[in-house]
1. Out of all DSSP beta bridges in chain B, what portion is antiparallel? Express it as a percent rounded to 5.
2. Specify whether the C-alpha gyration tensor of region A:30-150 places it in the rounded, prolate or oblate class, a ≥ b ≥ c being the square roots of the eigenvalues: rounded for a/c under 1.5, otherwise prolate if a/b is larger than b/c and oblate if not.
3. Once a ≥ b ≥ c are taken as the square roots of the eigenvalues of the Cα gyration tensor of the protein assembly as shown, is the result rounded (a/c under 1.5), prolate (a/b larger than b/c) or oblate (a/b not larger than b/c)?
4. Report the residues of region B:171-211 in range of a label on B:R253: point 7 Å along Cα→C-beta, backbone N strictly under 14 Å from it.
5. Would you mind computing the Rg to Rh ratio of region A:138-297 from its alpha-carbon coordinates, Kirkwood style for Rh?
6. Excluding A:L165 itself, calculate the net charge of residues whose Cβ lies under 14 Å from the Cβ of A:L165, where each Lys or Arg counts +1 and each Asp or Glu counts -1.
7. If you project the alpha carbons of region A:126-208 onto the principal axes, what extent comes out on each, in Å, largest first?
8. Taking the Cα-to-Cβ direction at A:A339 and at B:A111 and moving 7 Å from each Cα, how far apart do the two end points lie in nm?
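Here, each number is a calculation from the coordinates, and none is a lab measurement. These numbers were taken from a predicted model, which means no experiment stands behind them. Here Cβ is always computed from backbone atoms with ideal geometry, including for glycine, and neighbour counts include all displayed protein chains.
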Amino acid sequence: MTIEAARETARGLDNDDQWGRARRAGGAARRVGLLGGLAIALLVAMVIAAGRGQLDVPPSEVLGSVLHRIGLDLGPLPHHPQGENTLWQVRFPRVVTAALAGAALATAGALMQGVFGNPLAEPGVVGVSSGAAVGAASVIVFGWTFAGTWSAAVAAFVAGLVTTLLVYVLSRDAGRTETVTLVLTGIALTAMTSAGLAFLMFLGDSQAREEIVFWTLGSLNGSRWEQVAVIAPLTAVGIAAALVLSRQLDLLALGDRAARHVGVDVERLRLTTIAVVALLTAAAVAFCGIIAFVGLVVPHLVRLVSGPGHRVLVPASALGGALLLVLADLWARTAIEYADLPIGMLTSLVGAPVFFWLLRRARRTSGGWA
Amino acid sequence: MTTLSARGVSMRLGGAQVLTAVDLAIEGGEVVALVGPNGAGKSTLLGALSGDLEPDAGEVTLDGRPLGARTARELARARAVLLQRQGLAFGFRVEEVVRMGRAPWYRTPAADDDDRLVTESMARADVTPLALRLYPTLSGGEQARVSFARTLAQAAPVLLLDEPTAALDIRHQEAVLAVARESAVRGVAVVVVLHDLALAAAYADRVCVLSAGTVAADGPPTRVLTDELLTRVYEHPVRVIEVEGSLVVLPVRSPIALGAEESTCAPS
């Protein structure tokens, strides 16, 4: 190397170092801004959503009510005699359930896309939702009451996990799972569960049929604190696990072989991730029914801002999913007076066009997803 | 000193015997080129040397310990691999991709060197100007160089390169192999699969010629790359000539095939 060339290189290194530092600082600010912004938006949305409904409570009174409960005598209490009760027995459990389910579904989606290295993957791919639907429908049709009023939720949860496990076991061969095989196995098994669901609807009477239909459309109607007590720890554990896995999921983008070359135990990572996805999705689906597109669209939108790194993508998706579902549920119960629209219908109604736009955009900017 | 050695490695893939009792040892500080015709088993042998494929018979050891006895992470600290085809599922930036090479050293004292090694590796692979670009938007050759930078950043004592020059222009072909040589001078054991025999002759200490799953020859380029051996292995007449101290490998083009085109123009 000539002296001139060496100088050139040295200059390049210097420049790069400054660039790198500036970029990293910029990236950090962006990350904090994104996560902070989403967190604030979520809190604001939750306060507003809790106040809206047939009995309107202004946001200031919602805040006052919460502050009084945690021992701070700040802000006004709801002036309506039923306000306090409505908030704490109906609205808060529902809003919190929406936030938790949204966070769980979006986190599961981010994980799923990471583990498949495919931006089109969503939790439905491994059959969690369809399996859960069969579980819930069985309880509705056969009138099982092994767990009281929670029978449908328990059955949905268990069936969701079992279906995922089945997809995984069936697509595994000689200690390895190819992504495409896994996806196709998921499609095949989903077809079978759909047939099962159809058969159950055929067996059931018209009331059972109606219940199944509404379950598959998704609803947060009738959420209670007891449910929150179940969903909250499952979601918290799932998101914590997702954060732990996020560093390795970045490496999985290199492809299975190259990821192994940089030290990732790919098979174990995949198994763990799918287990976490099943847990998160089953927790959300068991109580809320099928809510589509949250897991698919939220991580995409977040990626536009944060880039593909999972250490930001995972927490930002959790917050974004929570925000989206709180707003969607607010819309579902206020759009038409005295009616509770199926939330799964609304998320699909909004999610599908957004997804369509994302597809077009990806095609324009980077030649599509192949 | 690092020693990567394959002893009696045999391998069947999809019912075909791809490797038969292959012996090969690579020491730290040397560049060994694996050459041979299509389907000779070069990539499979590299797969065995990298620990991706478990041999049906024989074993691959690194410093006396079988590769299979190591965890994925231990293996990643011991050897870096550049695959023939690279892909990336999401739009990471070039610098982030190179930094992925440092993953095996996460939470070890060596992680202190991350920034320095990432910068240095990008400079060595000549991808510094691309640092902020999105990997999927790069050309094939640029992607190959970024992946090369990633393997350099891994700072492993064994470097396995599967056709690193396939997508590169002449300048970068030479540059990549020069960097591989430089790594060898620093004590790294380098194995590189090449199709270009002249490149192999120029940059390798030893050339290992594979033919139908066995080692046909293994030694210094001048001794191994001969008319007779190459003609036999490639099943095509080949001449090796020396130009200004470098070996040039020329396939002999049949005068009939070349003449045929001319004859169409010639008046009959």
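1. Working: 27 of 44 bridges.
So the antiparallel bridges in chain B amount to around 60 percent.
2. Numbers: a/c = 3.39, a/b = 1.37, b/c = 2.48.
Note, shape of region A:30-150 comes out oblate.
3. Values: a/c = 2.65, a/b = 2.04, b/c = 1.30.
Cα axes put the protein assembly as shown in the prolate bin.
4. none
5. 1.02
6. Values: positive: A:R172, A:R270; negative: none.
It works out to a net charge of +2.
7. That gives 44, 24, 14 Å along the principal axes, largest extent first.
8. Taking the simple label geometry, A:A339 and B:A111 are separated by 5.5 nm.
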